[in-house]
Amino acid sequence: MIKSSNPALNENIFREVAGTDSSTMTIQGTVNKTGILLALVMAAGAITWNMGYASFPLMILGGIAGFVLALITVFKKTAAPITAPLYAVAQGLFLGGISWTFERQYPGIVTQAVGLTFGTLFCLLG
């Protein structure tokens, strides 16, 4: 195994995850969960995008909450079923606000970026 100081990628984590649960991860289950999380990101992003200048507090809240939820998920893997949807909503709030800000400065850039990113993910999920 490759040496890493990343707490999410150390050898003990892989040993713990492999030995504790007998359920099998399927491609269909992964696709379904990814689709649900994508829908949450898009919904939260649309909310802050449509708020305009009023989206700034939600954008900051989403960025901070997303960081905290990511740390919780990395250090307590069993919390992932709860933290993953919350993280998706938090990042949607952040991405919607920051995307609106960039769209005001560079018209058209967000449409291209979001279209290509989500379009690629939808194709992969399909």
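Here is how the numbers come out for the structure above:
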item	result
Residue pairs meeting the criteria (Cβ under 7 Å; at least 6 apart or on separate chains; first at positive phi, in segment 46-69; second open to solvent by less than 70 Å² (accessible area, probe 1.4 Å) and modelled with pLDDT under 95)	52/100
Segment 59-113, residues that are open to solvent by less than 40 Å² (accessible area, probe 1.4 Å) and not in a helix (DSSP H, G or I)	108
Check on residue 82, in contact (Cβ under 8 Å) with a residue 24 or more places away in the chain and among the hydrophobic types (A, V, I, L, M, F, W, C)	no
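The values are calculated or read from the model by the stated rules, or taken from the named source; none is laboratory data. All values reported here derive from a predicted model rather than from experimental measurement. Please note: Cβ atoms are built from the backbone with ideal geometry, for glycine as well, and neighbour counts cover all protein chains shown. Just the protein is used for accessible areas: all its heavy atoms, side chains included, with ligands, DNA and RNA removed. Shrake-Rupley method; radii C 1.70, N 1.55, O 1.52, S 1.80 Å.
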